Amino acid sequence: MSAQIPTGGHPAHPPSPHAPHLAQKLQDRSARIAVLGLGYVGLPLAVHLARAGFSVTGFDPQEQKVSLINSGRSPVQDVPDDQVNALVLGEKLRATASPAALQGHDVFIICVPTPLDASKQPEMGYIHTAALHVADHLRPGTLVILESTTYPGTTDEFLLPLLEKSGLKGEHDLYVAFSPERVDPGNRTFNTGNIPKIVGGTGPHGTALAQQLYETFLERVFPVSSARVAEMAKLHENTFRAVNIGYVNELAMICTSLGINVWEVIDAASTKPFGFMPFYPGPGIGGHCIPLDPHYLAWRARKQGFSTRFIELADQVNSQMPRYVVGRLMQLLNDRHKSIRGTRVLALGVAYKPDVDDARESPALDVIAELERFGAQVQYADPYVPQLPQAHGHDLHATRTELSAESYAWADVAIILTPHAAFDWESVQRHIPLILDTRGVLRASGNVVTL
Ligand SMILES: NC(=O)c1ccc[n+]([C@@H]2O[C@H](COP(=O)([O-])OP(=O)(O)OC[C@H]3O[C@@H](n4cnc5c(N)ncnc54)[C@H](O)[C@@H]3O)[C@@H](O)[C@H]2O)c1
């Protein structure tokens, strides 16, 4: 039997009168595209589509962001100003905060936030609002793609019915697909323009049209048989990371208690050329994806009667890491007949990962909050984060400092939380008497102690 190529796998659908027309408009780049949400996901996508030759409207309710983009500047670190500027001047890209400007578009791509509510349940309000804006401006032969990370079933059960309120019918005169975004802010090798993209429609037309759209700027687009498969693939990728990070964080704690260097263990295990892939411990998980996405899967699984034990366990281990880090520091100080209260701690790096300017959901904030709770004096150094956001609604008192002779003289101890490439580690190691390295940058030697 010959291998099956994913074709969309949907039951045969009647030919749709509008699909060839839209396919032609995608082919000749005359299709007008609206991207809803101009954040880390939406802005790079809008820029790639505009560079591929489409006329792109970016819609975002944040007026400030809209003005910035229309003045040729980029609010997203990975998107250079000159790219935005050239596209705005060439009238290929414009931003708007007015829903009325969504009129007359052939393709809508939704890239809005999907956070969790206070009880860690999916917060679907952003997708709901965006879907209603789109529904108001649908006309026969429109393609709508959801890129926001969400639970399996969202596109079929939540988005499509909202869009069909317009009177259009999915796969007949309206094409709908899910295509997860895998962008990794700060990654210098992979970006929106070269990460393979998964697409899954609510029917074969949705899949095929979405595939055609992304192939205008991407080498590899991988169609799957349904929107649900695409939604689940994204959750699987990020849950896989969260679970493995949870495991390696636990391993790090075990290694420390046994006097073994966990980074050396990981390096050694990584020499196995098959069946192993390294994950690294740290002060916890951050960002908008890894801490959140597994909860979308867990929520949907619970509705199905499943308990998601791996997810719960990883969440438990990962979320206790900031406390563990502060406990470890207390232990180190105790060994030196010192207390945490009054100790001057220099926190190195507060962004949620290296070389990005985003500190939201960063475990470094939880570490600082915990240090302050025990009476430590904290300063932080981070070239990308001028001001600390709140940690779970609480203001932090730590002030920002530069790495300088003055801050070195001030600090009793440093904690390496986010290893930005811009830090001069050699100088840190030379000047600060005690360093707790939660990221394995300096490895344990002399005045450096690991997690
Ligand atoms: N940031 C990442 O690294 C990343 C990677 C992959 C997937 N994702 C997923 O992509 C989605 C977007 O994430 P992000 O990081 O770009 O978020 P973001 O917060 O950077 O940007 C979202 C933007 O949407 C805007 N917005 C809110 N409501 C809107 C509405 N009704 N209509 C139009 N715009 C609206 C916000 O003002 C904001 O500018 C989320 O589901 C996220 O999980 C994020």
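The values are calculated or read from the model by the stated rules, or taken from the named source; none is laboratory data. The shown structure was predicted, so the numbers you read here are calculated from the model rather than taken from an experiment. Using ideal geometry, Cβ is built from the backbone for each residue, glycine included, and neighbour counts are taken over all protein chains shown.
Are there any pairs, at least 6 apart or on different chains, whose C-beta atoms fall under 8 Å, with the first in the range 265-289 and farther than 26 Å from Val326 by Cβ and the second aromatic (Phe, Trp, Tyr), and if so, which?
Correct list of pairs: Ala269/Phe276; Ser270/Phe276.
Determine whether the range 154-164 contains at least one residue that is in the same structural domain as Cys111 (by TED's automatic domain parsing) and within 12 Å of the ligand (Cβ to nearest atom).
Within the range 154-164, one or more residues are in the same structural domain as Cys111 (by TED's automatic domain parsing) and within 12 Å of the ligand (Cβ to nearest atom).
Would you please name the residue that is surrounded by the most Cβ atoms within 10 Å (Cβ to Cβ), looking only at residues in the range 354-380 that are at positive phi and either touching a Gly at 6+ places or on another chain (Cβ under 6 Å) or assigned to a strand (DSSP E or B) (or both)?
So in the range 354-380, the residues at positive phi come out as 355, 361, 375.
Those left that are additionally either touching a Gly at 6+ places or on another chain (Cβ under 6 Å) or assigned to a strand (DSSP E or B) (or both): 355, 361.
Numbers: Asp355: 19, Glu361: 21.
By that ranking, first place goes to Glu361.
Name the single residue, out of those in the range 325-353 being assigned to a loop (DSSP other than H, G, I, E, B), crowded, with 20+ Cβ neighbours inside 10 Å and not aromatic (Phe, Trp, Tyr), that is nearest to the chain's Cα centre (by Cα). First the steps, then the outcome.
Taking the range 325-353 and keeping what is assigned to a loop (DSSP other than H, G, I, E, B), we get 336-343, 349-353.
When the remaining residues are screened for being crowded, with 20+ Cβ neighbours inside 10 Å, the result is 340, 343, 349-353.
Now restrict to residues that are not aromatic (Phe, Trp, Tyr): 340, 343, 349-351, 353.
Working: Ile340: 34, Thr343: 34, Gly349: 18, Val350: 16, Ala351: 13, Lys353: 11 Å.
In this case the residue turns out to be Lys353.
Output the number of the condition that Ser16 fails; it satisfies all remaining conditions of (1) surrounded by 13 or more Cβ atoms within 10 Å (Cβ to Cβ); (2) modelled with pLDDT of 95 or more.
Condition (2) is where Ser16 drops out.
Taking Ile260, is it part of a helix (DSSP H, G or I) and either in contact (Cβ under 8 Å) with a residue 40 or more places away in the chain or farther than 22 Å from Thr150 by Cβ (or both)? Let's see the steps before the verdict.
On the way: part of a helix (DSSP H, G or I): no; either in contact (Cβ under 8 Å) with a residue 40 or more places away in the chain or farther than 22 Å from Thr150 by Cβ (or both): yes.
Answer is no for this residue.
Regarding the range 226-242, can at least one residue be identified that is acidic (Asp, Glu), at pLDDT 95 or above and crowded, with 23+ Cβ neighbours inside 10 Å? Explain how you work it out, then say what you get.
Step one: list which residues in the range 226-242 are acidic (Asp, Glu), which gives 231, 237.
Among the residues that remain, those that are also at pLDDT 95 or above are: 231, 237.
Keeping just the survivors that are crowded, with 23+ Cβ neighbours inside 10 Å gives 231.
Yes, the conditions are met somewhere in the range 226-242.
When the range 32-70 is examined, which residues are found to be surrounded by 24 or more Cβ atoms within 10 Å (Cβ to Cβ), touching a Ser or Thr at 6+ places or on another chain (Cβ under 9 Å), part of a loop (DSSP other than H, G, I, E, B) and aliphatic (A, V, I, L, M)?
Val41 - this is the single residue of the range 32-70 that is surrounded by 24 or more Cβ atoms within 10 Å (Cβ to Cβ), touching a Ser or Thr at 6+ places or on another chain (Cβ under 9 Å), part of a loop (DSSP other than H, G, I, E, B) and aliphatic (A, V, I, L, M).
Count, please, the residues in the range 98-138 that happen to be assigned to a loop (DSSP other than H, G, I, E, B) and within 9 Å of the ligand (Cβ to nearest atom). Steps first, answer last, please.
Taking the range 98-138 and keeping what is assigned to a loop (DSSP other than H, G, I, E, B), we get 98, 103-106, 111-115, 117-121, 123-124, 136-138.
Now restrict to residues that are within 9 Å of the ligand (Cβ to nearest atom): 111-115.
Matching residues across the range 98-138 total 5.
For the range 62-85, enumerate the residues that are within 11 Å of the ligand (Cβ to nearest atom) and β-branched (Val, Ile, Thr).
Answer for the range 62-85, where residues must be within 11 Å of the ligand (Cβ to nearest atom) and β-branched (Val, Ile, Thr): Val66, Ile69, Val76.
Looking only at the range 391-401, filter to residues that are more than 19 Å from the chain's Cα centre (by Cα) and surrounded by 10 or more Cβ atoms within 10 Å (Cβ to Cβ); which one of those is farthest from Glu370 (Cα to Cα)? Reasoning before the result, please.
The initial filter retains those residues of the range 391-401 that are more than 19 Å from the chain's Cα centre (by Cα), namely 393-401.
After this cut, where a residue has to be surrounded by 10 or more Cβ atoms within 10 Å (Cβ to Cβ) as well, the list is 394-401.
Numbers: His394: 11, Asp395: 12, Leu396: 10, His397: 12, Ala398: 12, Thr399: 15, Arg400: 17, Thr401: 19 Å.
Filtering the range 391-401 for residues that are more than 19 Å from the chain's Cα centre (by Cα) and surrounded by 10 or more Cβ atoms within 10 Å (Cβ to Cβ), the one farthest from Glu370 (Cα to Cα) comes out as Thr401.
Could you list all residues from the range 165-187 that are in contact (Cβ under 8 Å) with a residue 40 or more places away in the chain and more than 13 Å from the ligand (Cβ to nearest atom)?
Of everything in the range 165-187, those that are in contact (Cβ under 8 Å) with a residue 40 or more places away in the chain and more than 13 Å from the ligand (Cβ to nearest atom) turn out to be Glu171, His172, Asp173, Tyr175, Val176, Ala177.
Kindly list the number of the only condition in (1) β-branched (Val, Ile, Thr); (2) in a loop (DSSP other than H, G, I, E, B); (3) more than 10 Å from the ligand (Cβ to nearest atom) that fails for Val88.
(2)
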